[in-house]
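Everything below concerns the one structure shown next.
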Amino acid sequence: MISTQLLRGQKALVTGANSGIGKATAIGLGRAGADVVVNYVTGRDEAEKVVEEITSFGVRAAAYEADVSDEGQVVAMTQRMVEEFGTIDILVANAGLQRDAAVTEMTLAQWQKVLDVNLTGQFLCAREATKEFLRRGVVPEVSRAAGKIICMSSVHQIIPWAGHVNYASSKGGVRMMMETLAQELAPKKIRVNAIAPGAIKTPINRSAWETPDAERDLLRLIPYNRVGTPEDIAHAAVALASDVMDYVVGTTLYVDGGMTLFPGFATGG
Ligand code: NAD
């Protein structure tokens with residue numbers, strides 16, 4: 001992990017933080033000195049374990065249950081964080097899911113669920129965090145920005161993904177939402193950016209890496225020749241959220257081992 005205390009004194013909210021990338025990011029932010037709210041929708045025990053690990057670094061943490069696609073629950077979660085932690089400095093809008101199907105098999109419910117969580121969920125969390133950033137304004141001893149939002153996107157914000165039209169559409173939407181909010185909020189000293197992970201070993205894509213054959217197929221798409229880890233994304237999130245990146249606004253950081261350089265990459269000469 002980069003400098004241990006890059007985020008000292010800051011308060012971070014990470015959605016979907018009891019699994020995979022969100023879990024590693026919440027832990028990474030805590031290790032970097034931030035107090036962290038670990039949001040979860042199911043799996044309270046796992047969320048509490050993440051809280052325990054974060055508090056072992058000497059910072060505060062708490063697990064808050066909320067469905068990010070539910071407006072009332074997002075409003076209540078952010079209000080509770082302001083009451084209990086004092087404010088919000090960093091939002092990592094990470095919660096996401098897949099409901100895969102060929103287009104002719106995809107139900108409206110599958111389409112809608114993915115859009116609701118992956119896109120509307122990020123919008124709701126960004127909106128509520130922004131209200132708090134604007135209320136508080138810049139506190140120079142804490143950060144040069146009034147707030148930082150990191151949207152968890154995907155390489156599929158630019159690479160089409162057959163069989164996953166709901167997911168790819170949601171991430172394409174995240175990209176334009178992020179860039180528009182970045183433009184709208186930069187004058188208020190709020191930095192909005194995204195991370196676009198490539199293939200990261202988490203439960204969401206287990207079938208893509210859990211057998212040696214599947215992993216070999218996956219590595220054909222990754223010039224750097226290894227599957228990513230949740231910690232790869234956590235490192236990027238800590239850096240993006242910190243003042244080290246204060247002039248980075250409206251950018252997508254691809255953390256993908258070069259996957260977005262495909263095609264034009266061939267292992268076999
Ligand atoms: P994961 O399944 O391990 O984690 C997803 C988290 O989101 C879980 O904690 C889940 O409970 C939570 N979640 C789902 N619906 C929610 C809701 N309505 N409210 C609150 N939380 C909810 O998968 P992951 O790989 O860690 O995914 C995290 C993010 O990274 C997602 O946005 C995903 O699209 C993105 N991503 C992952 C990969 C990858 O290769 N793993 C690649 C690109 C992008």
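Coordinate-derived values only; no laboratory data. From a predicted model like this one, the values you see are computed outputs, not experimental measurements. Cβ atoms come from the backbone with ideal geometry, glycine included; neighbour counts cover every protein chain shown.
The table that follows gives values for the structure above.
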{"item": "Distance between modelled label sites at residue 226 and residue 158, nm, 7 Å Cα→Cβ extension", "result": "2.4"}
{"item": "Ellipticity estimate at 222 nm from DSSP helix runs (n ≥ 4, -39,500 (n - 2.57)) divided over the chain, nearest 500", "result": "-12500 deg cm²/dmol"}
{"item": "Which listed pairs, of 113/201; 49/113; 11/189; 148/171; 171/201, have C-alpha distances above 26 Å, in listed order", "result": "49/113"}
{"item": "Burial ordering of 104, 42, fewest other beta-carbon atoms within 10 Å first", "result": "104, 42"}
{"item": "Coil-residue trypsin sites (Lys or Arg not before Pro) of the stretch 171-263, DSSP, other Cβ within 10 Å capped at 10", "result": "none"}
{"item": "Residues 192, 244, sorted so that the one with the fewest Cβ neighbours within 10 Å comes first", "result": "244, 192"}
{"item": "Taking 64, 40, 224 and counting other C-beta atoms within 10 Å, the order from fewest to most", "result": "224, 64, 40"}
{"item": "Kirkwood estimate for the stretch 20-153, i.e. one over the average of 1/r between Cα atoms, Å", "result": "15.7"}
{"item": "Gain upon complete extension [residue 214, residue 5; 0.36 nm per residue less C-alpha separation]", "result": "71.4 nm"}
{"item": "Sequence-distant residues sharing a close amide H with residue 190 (under 5 Å, placed H)", "result": "146"}
{"item": "Set of the stretch 142-186 residues, backbone N closer than 16 Å to the point 7 Å along the Cα-Cβ line of residue 243", "result": "142-148"}
{"item": "Over the stretch 15-64 - Rg/Rh using Cα atoms and the Kirkwood inverse-distance radius", "result": "0.91"}
{"item": "Cα principal axis extents for the stretch 152-269, largest first, Å", "result": "49, 30, 30"}
{"item": "Compactness relative to 2.2 N^0.38 Å, alpha carbon Rg of the chain", "result": "0.97"}
{"item": "Distant-in-sequence amide H partners of residue 252 (H built 1.01 Å from N, under 5 Å)", "result": "194"}
{"item": "Tail weight of P(r) past 16 Å, computed on alpha-carbon pairs of the stretch 131-193, percent", "result": "51"}
{"item": "With Cα atoms, 0 to 90° folded angle of helix 71-85 axis to the chain main axis", "result": "50"}
{"item": "Average Cα contact separation per residue, the chain, under 8 Å, 6 or more apart, as relative contact order %", "result": "19"}
